[in-house]
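Below is one structure, written out as structure tokens, with a few remarks after it.
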Amino acid sequence: MEVIIQRDKDAASALVARIVANELRANPRLVLGLATGRTMESVYRMLVRLHREEHLDFSQCRTFNLDEYVGLSPSDPRSYNQFMYENLFRQVNIDLRNTHLPSGLAQDLDGECRRYETAIEDGGGIDLQLLGIGQAGHIGFNEPLSALRSRTRVKALSPATLKQNGAQFGGEDKMPRRAITMGVGTILEAHRCLLLATGESKADIIAQAVEGPITSMVSASALQLHPRCTVIVDEAAAEKLKGKEYYRWIFENEPEWEGYR
Ligand code: GLP
């Protein structure tokens, strides 16, 4: 794992967007794993800007999202399908046929989860997976105690998630109770992972995920097992990390980051 600390939310999001853009320029047929949530909105805003101002080309790019709520239609404004459409897909030159999210309306939800895993496999696997982190440490909707080898499946949302995301539904009681999510094992198979966390509300969980033990109680801690995972945080989210000075030293000295400093 590598940890990169940026001065604020904008700088952290811009760094994520630049890494995505560079990977996409190097491989126009990139398979991107996408995440939702407020943290990602600024990353998508910057990718849209790179598309408009620097002609960043999404025409051959393929995408797989981490998750979707069970019971919401793709046209529901609160669905992750619509989130992606509004924040990214409709604003860039991506072919919608190349974008994939699990269907929360499938009659056979287990069958839908298997179909999604197969689609990722048939697409050649995920090259670059974007991740946010929930306050209880989830990646995707892998709530506490998700098996570290889990695959795409239906998960019940935890009380912490219902609380965190309830506002978007006008109250916890009005929101779906379950979601389809890629598993921790699915995520760990991505060639490269980029986790973005900003703001003081994420400081505790980032410290646990990065410096704590690998535990299914904090799904994001499983990323310590990943051979190529970069965690990008702003100063506020980095606040509780013990190794801050060491992480800054690596970023300043590692040749890989030369063009990003
Ligand atoms: C949702 C998504 C997660 C995301 C999390 C963070 O729960 N399922 O993939 O990481 O939100 O949300 P935010 O960025 O709004 O804090």
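Key figures
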quantity: Rounded to whole Hz, the Karplus (6.51, -1.76, 1.60) HN-Hα couplings of segment 188-196, x for glycine and proline; calculated: 5, 7, 4, 5, 9, 10, 10, 10, 10
quantity: In Hz, Karplus ³J(HN,Hα) per residue of segment 88-94 (6.51, -1.76, 1.60; θ = phi - 60°; x = Gly, Pro); calculated: 9, 4, 6, 9, 10, 8, 7
quantity: Under 5 Å, built H, 5+ apart or other chain: amide partners of Gln129; calculated: Gly33, Arg192, Cys193, Leu194
quantity: Solvent-accessible heavy-atom area per residue, rounded to whole Å², over the chain at 1.4 Å; calculated: 45
quantity: Cα Rg over Rh - segment 186-261, Kirkwood; calculated: 0.96
quantity: Semi-axes of the equivalent ellipsoid for segment 21-122, Cα gyration tensor, largest first, Å; calculated: 25, 16, 10
quantity: Mean-position separation - Cα centroids, segment 1-79 and segment 172-198, in angstrom; calculated: 14
quantity: Kirkwood Rh in Å, taken over all unlike Cα pairs in the chain; calculated: 18.4
quantity: Dipole of segment 36-130, positive direction: furthest Cα of Leu109, Asn98, Val43, with charges on the beta-carbon; calculated: Val43
quantity: Test item: Cα-centred dipole of the chain, Lys/Arg +1 and Asp/Glu -1 on Cβ, debye; calculated: 300
quantity: Peptide ranges 195-205, 73-83 listed from the most packed, as the mean C-beta count within 10 angstrom indicates; calculated: 195-205, 73-83
quantity: Centroid-to-centroid separation of segment 96-124 and segment 207-261 [C-alpha atoms, Å]; calculated: 31
quantity: Selection from Gly134, Tyr247, Ala167, by position along the positive dipole direction of the chain (Cβ); calculated: Ala167
quantity: The chain, accessible surface, carbon-and-sulfur percent (1.4 angstrom probe); calculated: 48
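The values are calculated or read from the model by the stated rules, or taken from the named source; none is laboratory data. Keep in mind the model is a prediction, meaning the values are calculated, not measured. Backbone-built Cβ (ideal geometry, glycine too); neighbour counts: all protein chains shown. The area values use the complete protein model at the heavy-atom level, side chains included, leaving out ligands, DNA and RNA. Shrake-Rupley method; radii C 1.70, N 1.55, O 1.52, S 1.80 Å.
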